[in-house]
Amino acid sequence: MAMVRIIYVSRMTDECDMEGIQEILNVSRKKNATQQITGMLCYDPMFFLQCLEGPRHAVNELYGQILRD
């Protein structure tokens with residue numbers, strides 16, 4: 001199984017607050033664990049920096065979903 005890592009930066013929307021970030025983390029932790037994806041999420045008032053690691057297919061699929069969001 002090929003493992004990959006992707007690191008990217010995205011802009012935070014005006015609608016995103018601490019409650020929204022917590023919800024992102026809660027949902028992501030559960031879903032990513034089922035796909036063997038690990039990573040890191042950093043944020044400030046304007047940007048997210050995220051690192052995703054795991055099986056190539058799973059990471060590519062998740063990143064595609066993030067792009068669509």
Where only alpha carbons of region 19-60 are counted, the Rg and the Dmax (Å): 11.0, 31
Alpha-carbon spread of region 1-45, three principal axes, descending order, Å: 39, 21, 12
Once you place label points 7 Å from the Cα toward the Cβ at residue 17 and residue 57, how far apart are they in nm? 4.1 nm
Pick out, in residue order, every one of the chymotrypsin sites (Phe, Trp or Tyr not before Pro) in the chain that is DSSP loop and has at most 15 other C-beta atoms within 10 Å; say none if there are none. none
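Values in this text are rule-based calculations from the coordinates and carry no lab data. Keep in mind the model is a prediction, meaning the values are calculated, not measured. Here Cβ is always computed from backbone atoms with ideal geometry, including for glycine, and neighbour counts include all displayed protein chains.
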